[in-house]
Structures are given as structure tokens and as C-alpha cells.
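Below is one structure; the comments refer to it alone.
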Amino acid sequence: MTEQKPNIVCLKDYRAPDYLIDDVELTFELAPRDTRVTSRLHVRRNGDHGNPLRLDGDELRLESVAIDGAALAGDRYSIDADGMTIESVPESFVLEIVNRVDPIDNTALDGLYQSSGNFCTQCEPEGFRRITYFPDRPDVLSRYRVTLVADRVTCPVLLSNGNPIEQKDLGDGRHQATWEDPHPKPSYLFALVAGKLEAIHDEFTTRSGRKVDLGIYVEPHNIDRCDHAMRSLIKSMRWDEETYGREYDLDVFNIVAVDDFNMGAMENKGLNVFNSKFILARAETATDQDYDGIESVVAHEYFHNWSGNRVTCRDWFQLSLKEGFTVFRDQEFSADMGSPAVKRIEEVNLLRQVQFAEDAGPQAHPVQPKEYQEINNFYTATVYNKGAEVVRMWHNLLGWDRFRQATDRYFERFDGQAVTIEDFIDTMAEQADFDTAQFRRWYDRAGTPVVRVNKERDGEQVQVVLEQEIPAVAGQEDSDPFLMPLRIAAFDGEGRQLPLDASGSTEETLILNDSRTTFAFPVAADVDRVVLSLNRGFTAPVKIQHAYDAGDLTLLARCDTDEFNRWDAYQRLVLKTLVGRIREAEEVGEWPETALPEGLSEAFGSVLHAANNGTDARFVAECLALPSEPYIAEQFERDVPVDAIHRARVELRAQLGNEWSQSLMLTYKNQAVEGSYAFDGADVGRRALRAQCLSYLNALDHPAWRRLAVEQIAETDNMTERFNALQALCVRESVERDEALEGFAKQWADDPLVMDKWLSLQARIVQPDDKDTLSRLEAHPAFSIRNPNRVRSLVGTFSRANPVAFHAASGSGYRWVADKIIEVDGFNPQISARMATVFSRWRRYDGARADLMKEQMTRMLDRPDCSTDLAEIVGKALA
Ligand code: TRP
Ligand code: ZN
């Protein structure tokens, strides 16, 4: 085998395109195995040069090439594995290319493929080259005119970007439709959909009076599950007008839901294509969490119309320009639609659990990466979620008014252009009254900064010292400090918020821009205790280190006026208890018999009771949720004690459940939702809190609590309560659990999205080394290795949410997951590479486990046909 040198793309090598394409005319004669693509490109030389015309192309069957109507002889152009080169071309000309593709064979779900017998496309980031020869890069913007020709019976619906301009019958059993998109766009935003679909329609009139037809297209049997997505779309359109002054710019906006999709959804101009998971919902089949996900993903894709489509990226190193900004926009939209505090908690949970981990491991990269092998591997939590945090810091530093002025200028100045993160920064910087050069580090450096905070009381003054520590990751050597906003407050021993200056203001946003920053504030002599509330609202995406004792945390959990920090304090308290027990077990060498710490128990009780005193039930539920095992594992740099983490968490749940069973039971009853299901803030909160209560109760081995769950499953009208009860039953083994799981599978056998929930629940509870159960699940009719949602539900959940089984000392978990990854890599490299990131953190595990993980990674990599996607992830992990 010859060693393949990885092909590395570098930001510093960027060059403007040699040729531009102003207009694109495409004709698709759609057929499952043999679709014919005719492409007429209006090409123009860009600048003064004699370079050849280079077009990207991947897995295409070329039929003909012509320039200005004259066929090109074979010696005028050459074809290689990645595309086509035409040595000499006129200044400007029409290039006509005819080629064929096989949508059925396209198992990578990238380019033109079939899902449930319907044609659809996915082009971002480099899928268009799998449809036809083209300069497939985001800085080539063209107007598209697209004609679809297909069988009338199998493809009654024909969609593409922009506005429909013509539809006609061809008389031979086929019909055709033509679409025109007046807005120049990069090839990655191209889309077509054709098939047997049904739609719901609505309309939206923009602020300036444009009437927009809205359509959501789904397979006919799903037509009763589109209403929530449509409502979400309309809310998003309204919100973007009201909040950012952004209006929609076409006569139609269509969404299509498909079952086979690599990611969540795609913002193609005027024709968003969605993973059906993020469209389909009705009360009987979708949970509150699903409803939430739909609302935010519909918004995310819609918001891309401005942050991504009208203003797009120059190259893929700028990905966070559209993704970080759009995530920030969708986060704020969701906050406005529901509970801002709960939304922030969810965002930070994701950031801490996924992004911080990524940023501390071998896949660490800056928000603006400097190089990549496979761009598909850079759709990461860092680019998306840390990117959103960085935009949020701009917002916090500038304040809303100036931030909004900057976004107005950004959209105005760069409308119709492909720009860079630098352009975004410059526009923000114009509104700033601080030195923004230092802020750029957030885009250029990987790793999560740590802010160590010390507090000293000196009579009537408190001195706060904040020190930044910059981790050495991703080969970075410098440790220059970042510029960040850090909101703080202070409380006395009675939980009263203290003034921080003479004017009496009780909250301060500190701007840290040095390795060491100090902040002093006066306190009255009779204040005997000062507790700091740090990084309130999580204004900076950092780790705070501060010597809180259990008393401080209990006080903050009860009294902090910043809801996010109240949650954070309670979570820190729980984490402190868990980690303390695990470390003690390690030191003593056996599991400690520890009573439930009184402070924690009291804090739990007061959080629980807050729900009866008007505190948002959903917030209470977020507090009560125990930190996940992977997050607890993050607290250990080496030799992650997988089994002890699991045990400590199970035990603490049972102890709290036991101590508070009466209150849990009462809260469970009190929070019952009256009437039929509605996706409404208050009801969602009640269901979430009931779910927590039921889980704590079911941690106890008592038939009464199991009966409660079984009854909830039998009596409810909605999937949220049904699934929550099933989850609660899964907290421990029981006959009731097994019967409920079986009943659920029978009832929902024909509903793939519901069966995903079942698969993931099973994946979460399967015991270490239980190969039979895994084999049974793989063979279950509900599972298909070809469908990304199924694979994520079973393999993804097993490897990420069942650490005890994945990290089984025998290596059986690693082997099973590696088997699946290798299988998937044979037909869908985007998915195999994504799954493999779970092995990245092998160095944090004990020697035996680390060796076993390494062994599996080597097995994945040492295959002659290992994809470049997977090779990049595993290669970096092993390096
Ligand atoms: N731009 C899409 C989004 O943020 C992401 C996306 C959809 C994507 N499909 C993809 C990225 C396929 C890579 C490959 O919503
Ligand atoms: Zn996006």
C-alpha cells in the first residue's frame, strides 16, 4: 500500500477565482439511475491572466463539452479524479457541459440523491461538484435558472431555488418546471427536489408589503405533522424583521423534509431542505424537546437567508461567519420565544459538554481554522457554538443598539458579496470604543481560557484578582491574554446583593484584557461574608476557577438574582459532591459509605419547592437534572474513572430520591398538566419537572413509583409524557421497564422518528459486554445502517451516552462501535468521520483502555479504502 499524503488546504493560500460565472442555466432530466445534467455557464475571465479554466467534478460521467456552441475536441480539455481543465478559453463565453449522475448510487447523501424514492440535493460545502463540473467555491456567485424534467406520476412535485416561472406537460408522460433565482449565489446554495410530496401552504406579508407563499413539502403520510414547523417559520420571519430589520426577498419560501440527511437542515436559497426530524411533529409522536428543536432549526435556516445567503463566505475558513452569527441569531430568537434563562442553560450545557471537550483534544481548532484536509470535518461545535459565543461577546461589549447598527452596516455593505470574518470584525470594530485587535484572538486561537479568581477582604474593601490562563493546545505556543466581558456581582451571608461602587450599582461588567486584572469594591464593616457571582449569564466562554465552598454555592443556588448563575451554583454543588465521592473512593480503594451531604440535600429541597412558589418549572427541572456522565468525566484529566462516575451518579440520584420522595411525589402531582397537549411554555415546564420527579422516584426500588410511570404511559395523550415516563423507568432494571419498552416498540413500529427514541433509550441502558442486545438492536427492523438518524440514535448514543458500556474494560464497546464506523465509512464518510470523534479523547483514559481505543482507531485507519474524512479525524487523534 502506498502512503497517501493528505492534501491540506490552507487559509493563507487563498486566491481569487480565475474565472467568474454570472449566469448558470441547468436542465435536469431526472431518472433514478441515470440523470442527465445539461449545464450552460456564462463564463468571464477574472483579471488579466492566461490561466486555464479549472472546474471541480466528482463521480461524474461526462457526455460532452462545448464552447459557444462548438464541441470541444478531446485534446482541448483534460479530466482527472477531481475535475476538468480547459487549457485555453476566450475572455468570455458560454460553456455547455452535459454529464450524467446516478442518484441511487449516491449513498454519501452528498450531491443529488434519493431519499424514500424522491430526488433531493445537498451541496454544502462541496456537493455541487458531484452534480456537474463547476468552480465549486463560495466566492463564485451566479444567477441560476433551473429546469427540471421528470415523470409526471413519480415526480408530480418539481422544486428548485427562487421563483417558479414556468410549468408544462411534455406529452410523453413527463412534465417540466423552470425556476429562476434572481439573487446571485454560490453553488453550495443550489437545490432541487422532485418527487411524490404533499404540502401545506400559508403566506406571509413582509413589512414592505411583499406577499410570500410558504410551503412545507413532506411525504404524503406526514402531512398532518407540519403545522408546528409552519408556525415556527412565520414567527422567524416576523422576528428577523422586528429584531434585525431583515426582510425576505423572494415570492416563495419552500421547505422540504427528507428522511435521509447527514445533518440537521440546509439553507438553500428559497428552498430549505430539512432532516425530517426537524420538521415533523404532532403531539402523539413528538416530544417538547422535538418541538423546541424544530422551532430553532427552522429559524436557523431561515435566518441564513441574510447571514449566509445574501452575505456569504469567501471560502470555507470563513464558515463561522455565517454559522456562528446565525446560531447566535437563532439562540436569541428561541430565548424570545420561551424562557431566556433556560435557553442559556441549554446553550452553556452544550458548550461545556461538547465544545470545551473538542477544544481540549486533538480536534481542537480556532473558530476560524487555518487549515483543513476535509472541510466536512469542520462543521463543529467550535465553529458553530463557540462562534456564536464570540458574536455574543461582541453584542455584550457593544450593547444592543451599537451591535444592531453594526449588523445593519454589515448587511448593507456586503450584500451580494462573499466576505471574510475580518470584514465582520471590521464592521463591529467601527462601533467599538475599545481596542478590537486583541479581540481577534477569539477567532485565531483554539482552547478554552481559564479565569482564576481570588478574593481578598481587607477591612472595608474586597479585592478581586482575575488571572487568565491560556491552555497550550493545537500546537499554539503563545499565552497572550484574551479580551472578554465578565459580568459579576456579590452577595452577603444573608443573600443580599451588595453594591459594587459608590453609586450603588450591584452588577458590573469587567473587561478583562490582561493576564491579571484586579477589581476592588467597598463593603461595610458589618458585612461578615462576601460571595462572588462570577461570569453571570455566561458572558465569556471560559472556565471559571474560584474556591467556592459548599456554603457559598448553597447560598448562590438560593439567592443569586442571575438565574443562570443560580443554576450554575447548584450544578457546581452537585458536581463537587460527585467528584468528591469519586476521588475518595479512589484514595480509599473501596466505595465510601457516605451520607447525603446536608447542604446539598437542603439545596435540592429548596430548588424543588421553588416550583411551588412561582419559579419557572422548566428552570427548576434544569437545576434538578444531574450532570451527565460525560460532563463529570470532563473533570478528570487522566484515568477517567468511568465506573465510579456511573456509580456515584446512580447512588446520588437514589439518595436524593429517597430523602425527598414525599415532596417529589407531591410536585409530580401538582405539576400535572390539565387539558390536551399544547406546546406552551408553562406546560412544557410542568412536563419537564414531572419528568425529573419521576426519574428520582424511580431511582428507588419501589413498585409504587414504577406504577406511576406505567400509568403515565397508559394515560397520556402525548409523546412527551409517554417518553419521559419510559425514560424514568429506565433508571433501573425492572419487569415493568422491559414490558414498557416492548409495548412502545409494538405501538410505534411504523414510525421511524419515534423508533429513533426507542433505539437511543436502549443504547443508553445496554449493559457492558451485552453483545446479544446490541446484535438484536442492529437486526431490529427499526434500525438501518444506511440512515444517519438511525445510526446516530443507536451507535451515536451508545458511544456518547453510555460510557460504562462503551468503555467496557474488555474493549467490546470500542470494537462494536469501530465495526459500525468501518461499515458506514464504506458508503457515507461524513457520518463515519463524525462518529469517530468519540475516540479522540483516548489519552484521558487509563493505559489499558487507551491501548484498546488506539487499537480500534488503527484498525479504522489501516484500510486501503479508508475515506479521507475518517483518516483526518483518526489521524489527528493518533498523532
Ligand atoms: N449549513 C447547514 C446549517 O448550518 C449545515 C449543513 C447541512 C451541512 N447539511 C450539511 C454541513 C452537509 C455539511 C454537510 O444548517
Ligand atoms: Zn447553519
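The values are calculated or read from the model by the stated rules, or taken from the named source; none is laboratory data. Keep in mind it's a predicted model, so treat the numbers as computed, not measured. Here the Cβ is made from the backbone with ideal geometry for all residues, glycine too, and neighbour counts use every protein chain on show. For accessibility, only protein heavy atoms count, side chains too; no ligands or nucleic acids. Shrake-Rupley method; radii C 1.70, N 1.55, O 1.52, S 1.80 Å.
I need the phi-derived Karplus couplings for the stretch 121-131: 6.51 cos²θ - 1.76 cosθ + 1.60, θ = phi - 60°, integer Hz, Gly and Pro marked x.
Residue by residue, the stretch 121-131 yields 10, 9, 10, 6, x, 9, x, 5, 5, 8, 10 Hz.
Skipping prolines and chain starts, which residues have an amide H placed within reach, meaning under 5 Å, of the one on N268, given they are 5 or more residues away or on another chain?
Close amide H contacts, sequence-distant or interchain: V273.
Rounded to two decimals, what is the ratio between the C-alpha radius of gyration of the stretch 452-530 and 2.2 N^0.38 Å?
1.31
Quick one: net charge of R529's neighbours, Cβ under 13 Å, K/R +1, D/E -1?
Spelling it out: positives minus negatives among the neighbours equals -3.
With a 1.4 Å probe and all protein chains kept in place, how do H395, H609 rank by accessible area, largest first?
Order by accessible area, largest first: H609, H395.
Using the eigenvalues of the Cα gyration tensor, what equivalent ellipsoid semi-axes result for the stretch 1-196 when each is taken as the square root of five times the eigenvalue, whole Å, largest first?
In descending order the semi-axes read 28, 20, 16 Å.
Would you kindly derive the ³J(HN,Hα) couplings of the stretch 474-479 from the backbone phi angles with the Karplus curve 6.51 cos²θ - 1.76 cosθ + 1.60 (θ = phi - 60°), listing them in order in whole Hz, with x for Gly and Pro?
Once rounded to whole Hz, the list reads 6, x, 7, 9, 6, 10.
Report the semi-axes of the equivalent ellipsoid for the stretch 574-719 in whole Å, largest first, where each axis is √(5λ) for an eigenvalue λ of the Cα gyration tensor.
30, 16, 15
Give me the net charge of P90's neighbourhood, meaning all other residues with Cβ under 13 Å from the Cβ of P90; Lys, Arg count +1, Asp, Glu -1.
0
Anything over 22 Å Cα to Cα? Flag those among K322/K370; K185/K876; K211/K343, in the order listed.
K185/K876; K211/K343
Choose one of H780, L870, W816: the residue whose Cα lies farthest towards the positive end of the charge dipole of the stretch 748-879 (beta-carbon charges +1 Lys, Arg; -1 Asp, Glu; about the Cα centre).
L870
Around A654, with a cut-off of 12 angstrom between Cβ atoms, what is the net charge of the other residues, counting Lys and Arg +1 and Asp and Glu -1?
Local net charge: +1.
With every protein chain present, what is the per residue accessible area of the chain (1.4 Å probe, Å²)?
Spelled out: the 1.4 Å probe surface of the chain, per residue, equals 39 Å².
How far is helix 661-670 tilted, in degrees, relative to the longest principal axis of the Cα atoms in the chain, given as a value from 0 to 90 rounded to the nearest 10?
50 degrees
Over every pair of different alpha-carbon atoms in the stretch 581-628, take the mean of 1/r and invert it; report that Kirkwood radius in Å.
For the stretch 581-628, inverting the mean 1/r across all distinct Cα pairs yields 12.7 Å.
Of the GluC sites (Glu not before Pro) in the stretch 565-608, which ones lie in a loop per DSSP and count no more than 13 other C-beta atoms within 10 Å?
Answer in residue order: E590, E593.
Please state the charge dipole magnitude for the stretch 1-196, taken about the Cα centre, from unit charges on C-beta atoms (+1 on K and R, -1 on D and E), reported in debye and rounded to the nearest 20.
Charge dipole of the stretch 1-196: 320 debye, to the nearest 20.
Give me the base-10 log of I(q)/I(0) for the stretch 555-600 at each q in 0.14, 0.18 Å⁻¹, Debye formula, one uniform scatterer per Cα, rounded to two decimals.
Summing over Cα pairs of the stretch 555-600 leads to -0.42, -0.60.
Can you run the Rg to Rh ratio on the stretch 781-829? Use alpha carbon positions and the Kirkwood inverse-distance Rh.
Using Cα coordinates only, the ratio equals 0.98.
Would you work out which of L512, V710, F325 lies farthest towards the positive end of the dipole of the chain? Charges go on Cβ: Lys and Arg +1, Asp and Glu -1.
About the Cα centre, the residue reaching furthest to the positive side is V710.
Per the helix-only calculation at 222 nm, which mean residue ellipticity applies to the chain, given -39500 (n - 2.57) for every DSSP H run of n ≥ 4 and division by its residues, nearest 500 deg cm²/dmol?
Estimated from H runs of four or more residues: -11500 deg cm²/dmol.
Work out, step by step, the length gained on full extension between A335 and T858: first 0.36 nm times the residue separation, then minus their alpha carbon distance; give nm to one decimal.
183.9 nm
Measure out, as a whole number of angstrom, how far apart the alpha-carbon centroids of the stretch 408-430 and the stretch 333-401 sit.
Rounded to whole Å, the Cα centres lie 20 Å apart.
Grab the alpha carbons of the stretch 405-498, take their convex hull, and tell me the volume per residue in Å³.
It is 166 Å³ per residue.
Can you tell me what the convex hull of the Cα atoms of the chain projects to on average, as an area in nm²?
38.1 nm²
Suppose the chain between E733 and D770 were pulled fully straight at 0.36 nm per residue; how much longer would it get relative to their current alpha carbon spacing?
Length gained between E733 and D770: 11.9 nm.
Determine the order of Y677, Y248 by accessible area, beginning with the largest, at a probe radius of 1.4 Å.
Largest accessible area first, the residues go Y677, Y248.
So, with a 1.4 angstrom probe, what is the percent of accessible area on the stretch 311-444 that is carbon and sulfur?
44 percent
At a 1.4 Å probe radius, carbon and sulfur cover how many percent of the accessible area of the stretch 544-604?
Roughly 46 percent of what the probe reaches on the stretch 544-604 is carbon or sulfur.
Roughly how big is the chain's charge dipole about its Cα centre, with Cβ charges of +1 (Lys, Arg) and -1 (Asp, Glu), in debye to the nearest 20?
520 debye
Given H placed 1.01 Å from N in the peptide plane, which residues other than close sequence neighbours of R137 have an amide H under 5 Å from its amide H?
Correct list: S187.
Can I get the semi-axes of the stretch 210-355's equivalent ellipsoid? Compute them from the C-alpha gyration tensor as square roots of 5 times the eigenvalues, in angstrom, largest first.
So the three semi-axes of the stretch 210-355 are 22, 20, 16 Å.
In degrees between 0 and 90, to the nearest 10, how far off the longest principal axis of the chain does helix 847-861 point, with axes built from Cα atoms?
So the helix axis and the longest Cα principal axis differ by about 10 degrees.
What ranking, highest mean first, results for peptides 467-474, 224-231, 301-308 when packing means the other Cβ atoms within 10 Å averaged over each residue?
Descending mean neighbour count gives 301-308, 224-231, 467-474.
What residues qualify as long-range amide H neighbours of D22, i.e. H under 5 Å apart, gap of 5 or more or another chain, H built at 1.01 Å from N?
H42, R44
Does the stretch 748-879 come out rounded, prolate or oblate by the C-alpha gyration tensor, with a ≥ b ≥ c the root eigenvalues, rounded set by a/c under 1.5 and, if not, prolate when a/b is larger than b/c and oblate if not?
It is oblate, given that a/c is not under 1.5 and a/b is not larger than b/c.
Can you work out ³J(HN,Hα) from phi for every residue in the stretch 639-655, in order, using Karplus 6.51 cos²θ - 1.76 cosθ + 1.60 and θ = phi - 60°, giving whole Hz and x for Gly and Pro?
3J(HN,Hα) across the stretch 639-655, in whole Hz: 6, 3, x, 3, 6, 5, 4, 4, 5, 4, 5, 4, 5, 5, 4, 5, 4.
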